[in-house]
Amino acid sequence: MLKQGYFNIKKIISMAISRKIDSEEELVRNLINKGGSVPNNNADNQKKLLQLRIEYQLISKIDNMLNSGMYPKMSRHAWIIFAIESYLEQELKKMESKQ
């Protein structure tokens, strides 16, 4: 009776090992079949997220300018992008004039 139980446990253990191998093979097969995507090499059109921490006073100044009517109706985000682009253009012109 004891030997019978021992052999059953051994059989169960060997079955579990073979099943584990099958499941590993299945995982690999599933991963291969899932496929993937080609890396995007077009970095010019890609947008990256950037988190800004802006003091409340500066945000208030931006909002006051936007509400004053000096600029066409635009969001705060659009205005900040516009301001960054304008500043970069000015700085690039300064750099070019020095050369």
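The values are calculated or read from the model by the stated rules, or taken from the named source; none is laboratory data. This structure is a prediction, so every number in the text was calculated from the model and none was measured. Because the Cβ atoms are built from the backbone with ideal geometry, glycine has one as well, and the counts that use them run over all protein chains shown.
Here are some notes:
- The number of residues in region 48-57 that are exposed (fewer than 10 other Cβ atoms within 10 Å of the Cβ) and at pLDDT 90 or above comes to 6.
- Region 74-99 - residue that is of a type in the set (Gly, Ala, Ser) and in a helix (DSSP H, G or I) and, of those, farthest from Ser60 (Cα to Cα): Ser97
- Yes/no for Leu27 being in a helix (DSSP H, G or I), aliphatic (A, V, I, L, M) and modelled with pLDDT under 80: yes
- Region 58-72: number of residues that are farther than 14 Å from Ala83 by Cβ and surrounded by 12 or more Cβ atoms within 10 Å (Cβ to Cβ): 0
- For the condition β-branched (Val, Ile, Thr), at pLDDT 75 or above and under 24 Å from the mean Cα position of the chain (by Cα), Ile81 qualifies.
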